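One structure is given here, and the rest of the page talks about it.
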Amino acid sequence: MSSQACARDITCWARENHPVYAEECRKSVEKTAEHAFLWSGDRHEPEFTAADWLNYDESTITVKGDNFKTLVDIGKFSDANGRVAFQHGQGTYKEMHFECDFDPAKKLVTSVRVSPVR
């Protein structure tokens with residue numbers, strides 16, 4: 001399939017741009033975590049479950065996944081020396097859904113959204 005035809009087929013376009021958006025989306029999603037985070041699954045990296053057109057005419061896409069977890073049970077305190085320390089309690093992680101809008105022409109994540117999995 002030609003590059004121009006691929007840019008009009010969401011499956012082809014997502015597959016062709018996967019190496020770039022996977023890394024850029026991973027970094028963008030990780031920046032949203034206030035505390036510790038982890039990627040669940042076998043590979044411990046983003047697992048994209050869907051790709052949709054953000055803007056078909058501009059060939060920009062939105063990629064989505066659900067294997068991101070953020071630590072929600074955390075306490076902040078001062079230790080005996082007055083330094084700030086963090087207590088993780090039971091280490092409760094919450095599963096999150098993530099979406100990244102990606103512009104392949106610029107090789108750039110233009111927006112990222114993270115919300116709790118319901």
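The values are calculated or read from the model by the stated rules, or taken from the named source; none is laboratory data. Computed from a predicted model, the values in this text were never measured in an experiment. Cβ: placed from backbone, ideal geometry, glycine included. Neighbour counts: every protein chain shown.
Here are some notes:
- Qualifying residues in the stretch 68-93 (those that are polar (S, T, N, Q) and over 30 Å from Pro104 (Cα atoms)) - the one modelled with the lowest pLDDT: Gln87
- Every pair of residues 6+ apart whose Cβ atoms lie under 9 Å, when the first sits in the stretch 95-118 and is at positive phi while the second is surrounded by 14 or more Cβ atoms within 10 Å (Cβ to Cβ) and among the acidic types (Asp, Glu): Lys107/Glu24
- Meets criteria (under 22 Å from Pro116 (Cα atoms), surrounded by 10 or more Cβ atoms within 10 Å (Cβ to Cβ), modelled with pLDDT of 90 or more and within 13 Å of the chain's Cα centre (by Cα)) for Ala22: yes
- Checking Thr110 against (1) at pLDDT below 95; (2) surrounded by fewer than 17 Cβ atoms within 10 Å (Cβ to Cβ), the condition it does not meet: (1)
Results for (1) in contact with a Cys (Cβ under 8 Å, 6 or more places away or on another chain); (2) modelled with pLDDT of 95 or more; (3) β-branched (Val, Ile, Thr), shown as yes or no for each residue.
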residue: Ser3; (1), (2), (3): no, no, no
residue: Trp13; (1), (2), (3): yes, no, no
residue: His18; (1), (2), (3): no, no, no
residue: Lys27; (1), (2), (3): no, no, no
residue: Thr49; (1), (2), (3): no, no, yes
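- Selection count, the stretch 17-67, where residues are of a type in the set (Phe, Trp, Tyr) and farther than 25 Å from Lys106 by Cα: 2
- Within the stretch 29-46, being in contact with a strand residue (DSSP E or B) (Cβ under 7 Å, 6 or more places away or on another chain) and at pLDDT 90 or above holds for Val29, Glu30, Thr32.
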